[in-house]
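Data first, discussion second: the structure below is written as structure tokens.
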Amino acid sequence: MTKMIPPYISAEVKSNAEKRIFQLLHDSEDLAEFTCLHSLGISRHIKKRQGEIDFILVGKGIILCLEVKGGRVKRDNGVWFFKDRYGQENKKTEGPFGQVSSGMFSLKSDIEAKFGTKHGYLFCYGVMFPDISFEIESPEWDRQIIFDIRDLNLPISRYIERIVNYWRHKSSSINTEPLPKTEITDYLRPDFELATRLWSDISMIEEEITKFTNEQYRALDHMENNPRVIFSGAAGTGKTLLAIEKARRLCYEKKNTLLLCFNRLLGSKLQNETKKIGLSNEYLKTNSIHKYFYEVIEGAGLRNYFNKIKAGKKASEVYDEILPEIFAKAVEKLGNKKFDFLIIDEGQDLLNESYILALDCILQGGFKQGNWAIFLDPGGQSKLFNRFSLNEFNYLKSLGAPEYKLDQNVRNTLQIATQASIVTGFPAGKTNVEGPKVEYKMCKGITDMALQIIDLLEILQKNESVPPSSITILSSKNCGSMSIFSSGVKVPRSLLEATEDSICNMPPGKTLYASAHSYKGLENNIIIYTDLDSFDGRLSESVNYVAMTRAREKLYVFMDSKLRSKYQEKVRKFANISL
């Protein structure tokens, strides 16, 4: 298949003709040598302030520009008219041949300004009318460079070959060895992603810390040919980002895909994010695992049976044994078509025997022969819900699944990552992005803690111009027991509990609060972590680790002043290990 950049067509593209040509180019096995760029802007256009080329195919020594015109086409008194399927008509004095020609020569001029005239590339162009039969003859164009509805019956590679041969015969021979294709494509559309600036004081940090490196996406590229893969990494190493990107790629390969996670808030966020993927409604199912289990059980008419079985049982038994067992019965009863690919985020919370057995029955080929990718943190976050089984982890690896280790932290600053490691002892990935120091607030009881939190919120929003939505308050306790509420002090009306709805539809002027447990997998620019009440024990370490690593640029930690000496002991121990 042709490598497409981007690998999917934006939902903002309204032209069905462009969508059809995109898919034809993408699916062509004969064009594997080409890289195709869709909708490339031309800022240094020879005629206009800004131009655009619909598709650019870059192969060895070939740069081919394509203009696509869908719907009805007419020219009257020298003016071109284009009518789309909604009956909307656009008119232009410049026709599609002149448009793509000037775009191509503008691109040629730009490339030669960058690389010199001895780049070794033949520049070509063509015009595509996939909805009509274009039989008009004119000295302004040649039939050889035109694609119309009759060409849809042939492989699109035939048309590409026809254009290239046409322009080769019209052009003088090129004796220069062409520059590597990647040099051209990297210049035309370099990979980068910068965060939106939220406020002036930390805009540079935000820009750096949220710059997604090529290495993150290369993880998927490197393991693309492996049907089963485990991606492991500490908090902040981009696991959820990669899980979404993997789902996106599978949608455009038309693979029926199931994307699951453990945390219900993250599940809601994933659902919201994956709705933006084209074809997701048809090929992608996203949910938290328990909601998905309940949905299938409900669909099979087994909800009453489930309620009867779970009555009087402990929660751990219900979720770890009964729920997955009845889910498997529901799947068998429904006889639904199995998924082609399974993606699991937060895998450390789902890797136990009962969950693996349950999910095995909805995956084509099961875990042994099916296609799946699991993203997990076997370290700092694995003790939070205590569902990680090393035996199941090793079992999955024994099925031919290589483990790809992610070690680059693309969320936290160096200061946040270092403090998370000091407090918990867990590594937080490699990062060299500098940021403000982590601030610890020592408090004399819950009332003092609550008042200090309220003061800090006012300072951040009024003095520092921080948007309220860029702040999240997390606690080691559940929401009802948080010091800011249990103290009895008057709290700002801007505070809003993080729910499956509010996490996706954030009202303006609101600051979310949540327990650290429920916020796992999510993040924000500023985290205020409250009620840190213990440094000891694997559970406390996991809670602290999850809470602290949710912050991208700035972290505040509120704890009882009685823990000051314990924290200082942690710092000394970390310093000795580092030395």
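Things worth noting here:
- Comparison of Asn336, Asn304 shows that the only residue that is more than 30 Å from Asp377 (Cα to Cα) and part of a helix (DSSP H, G or I) is Asn304.
- Remark: Thr431 falls outside the filter, which requires a residue to be touching a Gly at 6+ places or on another chain (Cβ under 6 Å) and crowded, with 21+ Cβ neighbours inside 10 Å.
- In region 486-500, the count of residues that are β-branched (Val, Ile, Thr) and crowded, with 19+ Cβ neighbours inside 10 Å is zero.
- Residue within region 313-334 that is crowded, with 21+ Cβ neighbours inside 10 Å and either under 30 Å from Ala417 (Cα atoms) or not assigned by TED's automatic domain parsing to the domain that holds Lys246 (or both) present: no
- Of all the listed residues (Ser470, Ser465), the sole one being small (Gly, Ala, Ser), within 28 Å of Lys510 (Cβ to Cβ) and at pLDDT below 90 is Ser465.
Matching residues to (1) out of contact with any strand residue (DSSP E or B) (no Cβ under 7 Å at 6 or more places or on another chain); (2) more than 30 Å from Arg387 (Cβ to Cβ); (3) acidic (Asp, Glu):
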position	(1), (2), (3)
Asn478	no, no, no
Phe485	yes, no, no
Val489	yes, yes, no
Leu495	no, yes, no
Thr499	yes, no, no
Met506	yes, no, no
Leu512	no, no, no
Ala516	no, no, no
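- Any pair with Cβ under 8 angstrom, 6 or more apart, that starts in region 486-504 at a residue that is within 29 Å of Lys276 (Cα to Cα) and ends at one that is of a type in the set (Phe, Trp, Tyr): Leu495/Tyr513; Leu496/Tyr513; Glu497/Tyr513; Ala498/Tyr513; Ala498/Tyr519
- Any chance Val410 is within 27 Å of the chain's Cα centre (by Cα) and either in a helix (DSSP H, G or I) or modelled with pLDDT under 90 (or both): yes
Residue by residue, here is whether (1) of a type outside the set (A, V, I, L, M); (2) more than 27 Å from the chain's Cα centre (by Cα); (3) at pLDDT below 90 holds:
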| position | (1), (2), (3) |
| --- | --- |
| Pro7 | yes, no, yes |
| Ile56 | no, no, no |
| Ile62 | no, yes, no |
| Arg72 | yes, yes, yes |
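- Checked against the criterion of being over 30 Å from Leu25 (Cα atoms) and at pLDDT below 95, the candidates Gly278, Gly236, Gly301 yield just one match: Gly236.
- Here Ala113 clears all of (1) surrounded by fewer than 13 Cβ atoms within 10 Å (Cβ to Cβ); (2) over 37 Å from the mean Cα position of the chain (by Cα) except the condition numbered (2).
- One residue stands out in region 436-471 among those that are in contact with a Lys or Arg (Cβ under 7 Å, 6 or more places away or on another chain) and either of a type in the set (D, E, K, R) or crowded, with 16+ Cβ neighbours inside 10 Å (or both): the one that is nearest to Ser540 (Cα to Cα), namely Met442.
- Of residues in region 265-302 being under 28 Å from Lys333 (Cα atoms) and of a type in the set (Ser, Thr, Tyr), the one surrounded by the most Cβ atoms within 10 Å (Cβ to Cβ): Thr286
- Residue under evaluation Glu569, criteria (1) touching a strand residue (DSSP E or B) at 6+ places or on another chain (Cβ under 8 Å); (2) among the acidic types (Asp, Glu); (3) over 19 Å from Leu456 (Cβ atoms), criterion not met: (1)
- Among (1) in contact with a Phe, Trp or Tyr (Cβ under 7 Å, 6 or more places away or on another chain); (2) within 18 Å of Leu25 (Cβ to Cβ) - the single one Lys60 does not satisfy: (1)
- Out of Phe82, Phe134, sole residue that is over 35 Å from the mean Cα position of the chain (by Cα), outside any strand (DSSP E or B) and hydrophobic (A, V, I, L, M, F, W, C): Phe134
- Candidates Lys285, Lys255, Lys276, filtered to the one that is in contact (Cβ under 8 Å) with a residue 40 or more places away in the chain, of a type in the set (D, E, K, R) and in a strand (DSSP E or B): Lys285
- Scope region 447-478; condition on the phi < 0 side of the Ramachandran plot and outside any helix (DSSP H, G or I); matching residues: Glu464, Val466, Pro467, Ile471, Thr472, Ile473, Leu474, Ser475, Ser476, Lys477, Asn478
- Of the residues in region 365-386, at least one is of a type in the set (Asp, Glu), assigned to a loop (DSSP other than H, G, I, E, B), touching a Lys or Arg at 6+ places or on another chain (Cβ under 8 Å) and crowded, with 18+ Cβ neighbours inside 10 Å.
- Taken over region 414-439, the residue count meeting the criterion of being polar (S, T, N, Q), at pLDDT below 90 and farther than 20 Å from Phe231 by Cβ is 1.
- All positions within region 54-72 that are assigned to a strand (DSSP E or B) and farther than 21 Å from Thr117 by Cβ: Asp54, Phe55, Leu57, Leu66, Glu67, Val68, Arg72
- Residues located in region 232-247, provided they are assigned to a helix (DSSP H, G or I), of a type outside the set (A, V, I, L, M) and crowded, with 22+ Cβ neighbours inside 10 Å: Lys239, Lys246
- Helices (runs of 4 or more DSSP H) contained in region 149-225 and holding at least 1 residues modelled with pLDDT of 65 or more, of a type in the set (Gly, Ala, Ser) and over 22 Å from the mean Cα position of the chain (by Cα): 156-170
- Members of region 499-525 found to be under 23 Å from Leu460 (Cβ atoms), among the hydrophobic types (A, V, I, L, M, F, W, C) and under 21 Å from the mean Cα position of the chain (by Cα), listed by number: Ile503, Met506, Leu522
The values are calculated or read from the model by the stated rules, or taken from the named source; none is laboratory data. What you see is a predicted model, and the numbers here were worked out from it, not measured in a lab. Using ideal geometry, Cβ is built from the backbone for each residue, glycine included, and neighbour counts are taken over all protein chains shown.
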